[in-house]
Amino acid sequence: MTDLDLFQELKGKVLQTYKEHFPFFTGSWKTFSSLDIQKLIVLIENVCKQSVSEKWIYTHLKPERNEKIPRKDMLDILSTFVGYSNWDEFKFECKKGMKAPSSPKNNWLLRFGIGLTALVICALLVFFITKKPAKEIRLLQIKNQYNDQQVDSEEVKVYQLQDSLKKTLKVKNGAIEVDGLQKRNTTLEIVSPFYKKKVVHISYSDTAITKIDLQPNDYAMMLKAFMISDIKDWQTRKVQLDKILSDDLEVIVMLKDDLGAEYFNKEEFSQKLIVPTVSIKRMKIVELRSDENGVIQFIRINQ
């Protein structure tokens, strides 16, 4: 088994680990979207305290077959992510008996079987001695603070921060379900390209909280309106775009079917918006960054 074969095994383990955290994803590396890549980057940072770039994932993980093996330091990060100490241990487990590596979970049982058994016994005793109350689940509506309208579920991401863990919460019909509040407080982080980032601290004893108000990013909302509306006064639109877009604007448009990306500067992107087409209306802003005055500096778009 060559190192390239072993790397293919490692890619499979990485995808399997990602699905354990996000079970609603049932695809493959080929269908791995830009949003999936961002979530994988955050997950690796949380688990390994190391960073992997979006470009690296596109180059080495998304291809069906690889021509060469990546650097060892990156292989060490991925091996740690799937439960091994480093790339060398992963290779050793793979080559032992010329079979795929045993799962990290089994290695853990082999190394710490006695201690784990004791913990299981203690847990069973506690379970039978004490009555575990039902878990509290709270439904929170996410709304625009200016008009009290429900926020589009696809335009926000919500993370629950608790016990040093960052858990992604599903937004459905403009609302989220928050659990883990039984006799504990929790923190929510809400991010969106169209609303200002908000961190909410929720006390388990405060049952009055039923909604979260988000403050719109005015320039981002204007940009979205430009992209989906029909042209009426192109000269006025040009002046407005010049005001809300930075002179150093960078726009990255992710193409369909993993065909790569297109780059636009301010002038090129403005020209597209001045004369909108059907393709412009279908574009979806997934990331937007602004300066301290709200002027838009960076946009990432999915087609």
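If you go through the stretch 1-60 and pick out every residue that is touching a Phe, Trp or Tyr at 6+ places or on another chain (Cβ under 7 Å), in contact (Cβ under 8 Å) with a residue 40 or more places away in the chain and under 25 Å from MET283 (Cβ atoms), you end up with 1. Scanning the stretch 36-89 for residues that are part of a loop (DSSP other than H, G, I, E, B) and small (Gly, Ala, Ser) yields SER51, SER53, GLY83, SER85.
Of the residues screened, LYS49 is not one that is more than 24 Å from SER164 (Cα to Cα) and of a type in the set (D, E, K, R). Scanning the stretch 246-268 for residues that are in a helix (DSSP H, G or I) and under 26 Å from the mean Cα position of the chain (by Cα), we see that the one that is nearest to ALA225 (Cα to Cα) is LYS256. Would you check if there is a residue in the stretch 200-222 being part of a loop (DSSP other than H, G, I, E, B), outside the structural domain of VAL151 (by TED's automatic domain parsing) and more than 24 Å from the chain's Cα centre (by Cα)? Checked the stretch 200-222: no residue is part of a loop (DSSP other than H, G, I, E, B), outside the structural domain of VAL151 (by TED's automatic domain parsing) and more than 24 Å from the chain's Cα centre (by Cα). Considering (1) part of a helix (DSSP H, G or I); (2) within 26 Å of the chain's Cα centre (by Cα), the lone condition that GLN235 does not fulfil carries the number (2).
So LYS243 clears everything in (1) assigned to a strand (DSSP E or B); (2) loosely packed, with under 12 Cβ neighbours inside 10 Å except one condition, right? Which one? Result: LYS243 fails condition (1) only. Checking each residue in the stretch 53-75 for being of a type in the set (Asp, Glu) and touching a Lys or Arg at 6+ places or on another chain (Cβ under 7 Å) picks out only GLU64. Annotation: ILE301 fulfils all but one of (1) surrounded by 12 or more Cβ atoms within 10 Å (Cβ to Cβ); (2) among the hydrophobic types (A, V, I, L, M, F, W, C); (3) farther than 26 Å from TRP29 by Cβ; the unmet one is (3).
Is there a residue being farther than 16 Å from GLN297 by Cβ and not small (Gly, Ala, Ser) anywhere in the stretch 239-248? For the stretch 239-248, residues farther than 16 Å from GLN297 by Cβ and not small (Gly, Ala, Ser): present. Number of residues in the stretch 252-296 that are over 26 Å from TRP29 (Cβ atoms) and not hydroxyl-bearing (Ser, Thr, Tyr) equals 23.
The values are calculated or read from the model by the stated rules, or taken from the named source; none is laboratory data. All figures in this text were calculated on a predicted structure; none of them were measured in a lab. Heads up, the Cβs are rebuilt from the backbone with ideal geometry, glycines too, and the neighbour counts pull from every protein chain shown.
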